[in-house]
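The values are calculated or read from the model by the stated rules, or taken from the named source; none is laboratory data. Just so you know, these numbers come straight off a predicted model, no measurement behind them. Cβ coordinates were reconstructed from backbone atoms using ideal geometry, including for glycine residues, and neighbour counts include every protein chain displayed.
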Ligand SMILES: NC(=O)c1ccc[n+]([C@@H]2O[C@H](COP(=O)([O-])OP(=O)(O)OC[C@H]3O[C@@H](n4cnc5c(N)ncnc54)[C@H](OP(=O)(O)O)[C@@H]3O)[C@@H](O)[C@H]2O)c1
């Protein structure tokens with residue numbers, strides 16, 4: 001599978017490492033263009049490449065990994081989604097330092113807003129709830145397996161992402177649809193940022 005990534009920062013690179021290790025390819029993109037990513041791509045190694053945002057967004061599975069204030073811009077003017085899958089890894093922070101500040105979403109879920117900006121995409125919320133350092137560290141903690149939450153309204157695309165998470169060695173937990181599940185796992189929700197570890201069957 002060839003994944004596109006809108007964004008080429010901490011989350012996109014952590015995702016790329018796992019996807020490449022599982023035998024996939026990843027096309028990273030950012031606002032500064034493919035040349036700005038040459039070093040990152042060569043460090044990631046075989047299977048990684050850089051492209052224009054539109055090129056990454058044309059692929060069947062596209063990771064969205066940009067800061068929340070940039071989401072609208074990042075999704076503007078892209079090719080029709082036509083049911084291609086948008087994996088929403090964003091969290092609705094408007095500031096990180098000195099303190100984390102959540103955006104006022106006017107009562108909507110963050111992924112509902114993303115879905116509204118990517119009309120025709122099947123949005124699956126995933127990889128937002130795990131801090132990159134833990135994702136990088138790997139699935140096993142104290143003999144258990146780290147959990148990654150998944151929400152979405154389309155069962156086929158969600159099943160694919162859950163399989164992908166399993167292939168990375170993590171334990172996917174399906175929280176249901178985007179409206180309820182997305183709110184549980186987004187920053188500010190009760191399951192956000194938890195380092196949940198499964199010590200039972202997985
Ligand atoms: N860091 C974590 O532990 C973590 C964990 C889970 C989820 N998240 C969430 O995941 C998202 C990404 O976080 P991150 O830590 O990866 O951020 P980051 O390291 O700052 O990377 C952001 C990337 O997005 C690109 N970008 C910004 N605006 C863009 C646009 N309009 N179009 C295309 N690319 C754009 C940036 O490149 P240019 O500036 O060159 O465009 C950069 O490559 C955030 O919403 C964050 O809340 C973070």
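Summary table
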quantity	calculated
Single unsatisfied condition, residue 120 versus (1) within 15 Å of residue 67 (Cα to Cα); (2) over 15 Å from the mean Cα position of the chain (by Cα); (3) touching a residue at least 12 places away in the same chain (Cβ under 8 Å)	(1)
Subset of segment 142-163 that is more than 16 Å from the ligand (Cβ to nearest atom) and either in contact with a helix residue (DSSP H, G or I) (Cβ under 9 Å, 6 or more places away or on another chain) or assigned to a strand (DSSP E or B) (or both) - its residue that is farthest from residue 19 (Cα to Cα)	153
Total residues in segment 164-182, condition within 12 Å of residue 129 (Cβ to Cβ) and assigned to a helix (DSSP H, G or I)	3
From 168, 199, 149, residue being within 15 Å of residue 63 (Cβ to Cβ) and either crowded, with 22+ Cβ neighbours inside 10 Å or at pLDDT 95 or above (or both)	168
First in segment 1-25 and without any contact (Cβ under 8 Å) to a residue 60 or more places away in the chain, second anywhere and part of a helix (DSSP H, G or I), Cβ under 6 Å, 6 or more apart	4/56; 4/57; 8/37; 16/44
Count - residues of segment 81-109 that are outside any strand (DSSP E or B) and either out of contact with any strand residue (DSSP E or B) (no Cβ under 9 Å at 6 or more places or on another chain) or within 9 Å of the ligand (Cβ to nearest atom) (or both)	13
Pick from segment 43-61, criterion part of a strand (DSSP E or B) and within 17 Å of residue 33 (Cα to Cα), ranking: nearest to the ligand (Cβ to nearest atom)	50
Criterion: over 24 Å from residue 19 (Cβ atoms) and in contact with a helix residue (DSSP H, G or I) (Cβ under 8 Å, 6 or more places away or on another chain) - qualifying residue of 92, 98	92
Enumeration of residues in segment 29-57 that are closer than 21 Å to residue 134 by Cα and crowded, with 17+ Cβ neighbours inside 10 Å	40, 44
Output for segment 62-80, where each listed residue is more than 9 Å from the ligand (Cβ to nearest atom) and within 17 Å of the chain's Cα centre (by Cα)	62, 63
Identity of the residue in segment 2-28, within 14 Å of the chain's Cα centre (by Cα) and surrounded by fewer than 20 Cβ atoms within 10 Å (Cβ to Cβ), that ends up farthest from residue 170 (Cα to Cα)	9
Among the residues listed as 165, 94, 130, the single one being more than 17 Å from the chain's Cα centre (by Cα) and at negative phi	94
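Matching residues to (1) at pLDDT 95 or above; (2) closer than 18 Å to residue 87 by Cβ; (3) within 7 Å of the ligand (Cβ to nearest atom); (4) assigned to a strand (DSSP E or B):
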{"site": "3", "(1), (2), (3), (4)": "yes, yes, no, yes"}
{"site": "11", "(1), (2), (3), (4)": "yes, yes, yes, no"}
{"site": "15", "(1), (2), (3), (4)": "yes, yes, no, no"}
{"site": "27", "(1), (2), (3), (4)": "yes, yes, no, yes"}
{"site": "32", "(1), (2), (3), (4)": "yes, no, yes, no"}
